[in-house]
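A short write-up of the structure that comes next.
The values are calculated or read from the model by the stated rules, or taken from the named source; none is laboratory data. Since the model is a prediction, treat every value here as computed from it, not as a measurement. Positions of Cβ are generated from backbone atoms using ideal geometry, with glycine treated the same way; all protein chains shown enter the neighbour counts. Heavy atoms of the whole protein, side chains included, go into the accessibility calculation; ligands, DNA and RNA do not. Shrake-Rupley method; radii C 1.70, N 1.55, O 1.52, S 1.80 Å.
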Amino acid sequence: MYYENSSCNENHNYEEGVVIDLRSDTLTKPTKKMREAMFNAEVGDDVFHEDLTVKKLEEIAAEMVGMEAALFVCSGTMGNLIAIMTHCDVRGCEAYCGDLAHCILHEQCGASQIAGVNLRPLRNNNDGTFDLHELQSKIRKDVDHEPISKLVLVENTLNGKIVPQCWIKDLVSFCKQVDLKLHMDGARLWNASVGSGKSGKEIVSGFDSVTFCLSKGLGAPVGSILCGSTKFIAKARRIRKVLGGGLRQVGVLAAAGLVALEHIPNLINDHRRAFTLASSINEIQSTTFSIDLSTVQTNMVCMQVDPNVVTATEFAKYLRKVNDSDKEKIIVKCLALNDSFIRFVFFHEITDDDLSLAIKKIRCAIKTFDPKA
């Protein structure tokens, strides 16, 4: 995946047009309620375990996923790295994850760079799973020549898709049999929960740890939560310190996180808008642009583009242009994931009016490149 460099703007009227930014749900801004909570937050020194707002957030978060304890961290990347370092607690460890996972593609491979842990990829299936037989074949033997198999990581959701719970149960059972720890990168765990109708507890049942973001679709400006056993979190807290994550009066951020958790039920609106966009695009029945509706399960839409007609990057650039025939001057920002795929992501600041304008712009652009559509 690669990203175009451009500044983040709220959706509003500019002289050049109405900007609808669908690049990522990381673009959310703290709500008025969050800002008020941040202003009024009771704070203390969290390194001394004295920030009551952080403690409240951690207690609530742990309860939500059915684990004993939790730790507030700066980001999902930090949370994943701390989890890897805590589980892989001897030198020469190896962990396993899907080859499309964020931890192996978009976290600078901190597992190896910082933790000295080898991440061994497994081929991700279209539904976010990987073959347990492949995992079994890659587990190391207990010999001096090989690294030590320690951990399996699962990302849920993966590119907006909810990992099937039946497969997760099989994975949990397998890992118990072979004594492998399990960590879930649940950056968008609550999208998976709302989209599947399953509780966070049910989704992570059997896992040894989980991270989830308070930012992204939930709207907090900063922060993620790492959850696990009391013993695990005690070790994780020590590792957080050496990574520079020991924060002081961080209740001002935790307060926004508490408000963010209240927003979880509203994620269904982002899912609805994403599916509406995808369906509207497919109604055109273009041979150049298409979407597999079965993959639109949460707030993300991945549109396939025929690069022989137009590349994803070229199409994304076209959506940013205002044409003379475009009276409403609509600009849609999105991400080209590669030459063949474009991603649109919805979040609470994208309204139904924004959705209608985005559909109009995208459909017009598709018909420009595929006149038969």
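Being open to solvent by 70 Å² or more (accessible area, probe 1.4 Å), on the phi > 0 side of the Ramachandran plot and at pLDDT 95 or above holds for only one residue in D179, D170, and it is D179. One residue is enough: does segment 243-256 have a residue meeting the conditions of a type in the set (K, R) and surrounded by fewer than 22 Cβ atoms within 10 Å (Cβ to Cβ)? Checked against the condition, which is being of a type in the set (K, R) and surrounded by fewer than 22 Cβ atoms within 10 Å (Cβ to Cβ), segment 243-256 yields at least one hit. Residues in segment 89-108 that are closer than 27 Å to P164 by Cβ and over 17 Å from the mean Cα position of the chain (by Cα): E94, A95, Y96. Residues of segment 257-269 being open to solvent by 50 Å² or more (accessible area, probe 1.4 Å) and closer than 16 Å to E36 by Cα, which ones? The answer is E262, and nothing else. Under the condition of being open to solvent by less than 70 Å² (accessible area, probe 1.4 Å) and more than 20 Å from A220 (Cβ to Cβ), the residues counted in segment 37-52 number 2. Of all the listed residues (R120, R35), the sole one being over 21 Å from G206 (Cβ atoms), charged (D, E, K, R), part of a strand (DSSP E or B) and modelled with pLDDT of 95 or more is R120.
Residue-wise test of (1) over 26 Å from A236 (Cβ atoms); (2) among the acidic types (D, E); (3) in contact (Cβ under 8 Å) with a residue 12 or more places away in the chain; (4) not in a helix (DSSP H, G or I).
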position: R23; (1), (2), (3), (4): yes, no, yes, yes
position: T26; (1), (2), (3), (4): no, no, yes, no
position: G44; (1), (2), (3), (4): no, no, yes, yes
position: V47; (1), (2), (3), (4): no, no, yes, no
position: A62; (1), (2), (3), (4): no, no, yes, no
position: M67; (1), (2), (3), (4): no, no, yes, yes
position: L71; (1), (2), (3), (4): no, no, yes, yes
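Can we say V222 is touching a helix residue (DSSP H, G or I) at 6+ places or on another chain (Cβ under 9 Å), open to solvent by 40 Å² or more (accessible area, probe 1.4 Å), at pLDDT 95 or above and more than 13 Å from N80 (Cα to Cα)? Yes; evaluated as a whole, the condition is true for this residue.
Residues in segment 91-113 that are of a type in the set (A, V, I, L, M), in contact (Cβ under 8 Å) with a residue 60 or more places away in the chain and in a loop (DSSP other than H, G, I, E, B): 1 in all.
When segment 317-365 is filtered for residues that are open to solvent by 40 Å² or more (accessible area, probe 1.4 Å), in a loop (DSSP other than H, G, I, E, B), closer than 18 Å to V301 by Cα and not charged (D, E, K, R), the ones remaining, listed by number, are N338, H348, T351. Looking only at segment 111-133, residues that are under 23 Å from G244 (Cα atoms) and open to solvent by 70 Å² or more (accessible area, probe 1.4 Å) come to 3 in all. Close Cβ contacts (under 7 Å, 6 or more residues apart or on different chains) running from residues in segment 121-139 that are over 10 Å from K161 (Cβ atoms) and of a type in the set (F, W, Y) to residues that are open to solvent by 50 Å² or more (accessible area, probe 1.4 Å) and not in a strand (DSSP E or B) comprise F130/R123.
Among the candidates I342, I284, the residue that is out of contact with any Phe, Trp or Tyr (no Cβ under 8 Å at 6 or more places or on another chain) and among the β-branched types (V, I, T) is uniquely I284.
Note on segment 183-207: residues that are out of contact with any Cys (no Cβ under 6 Å at 6 or more places or on another chain), aliphatic (A, V, I, L, M) and open to solvent by 10 Å² or more (accessible area, probe 1.4 Å) amount to 1. Under the condition of being out of contact with any helix residue (DSSP H, G or I) (no Cβ under 8 Å at 6 or more places or on another chain), open to solvent by 60 Å² or more (accessible area, probe 1.4 Å) and of a type outside the set (A, V, I, L, M), the residues counted in segment 84-98 number 1.
If I go through segment 134-164 residue by residue, how many of them are assigned to a helix (DSSP H, G or I) and either touching a helix residue (DSSP H, G or I) at 6+ places or on another chain (Cβ under 7 Å) or open to solvent by 30 Å² or more (accessible area, probe 1.4 Å) (or both)? The qualifying residues number 4. If the condition is being closer than 17 Å to L22 by Cα and either in a loop (DSSP other than H, G, I, E, B) or of a type in the set (S, T, Y) (or both), then segment 263-305 contributes T276, S279, S280, I291, V296, Q297, T298, N299.
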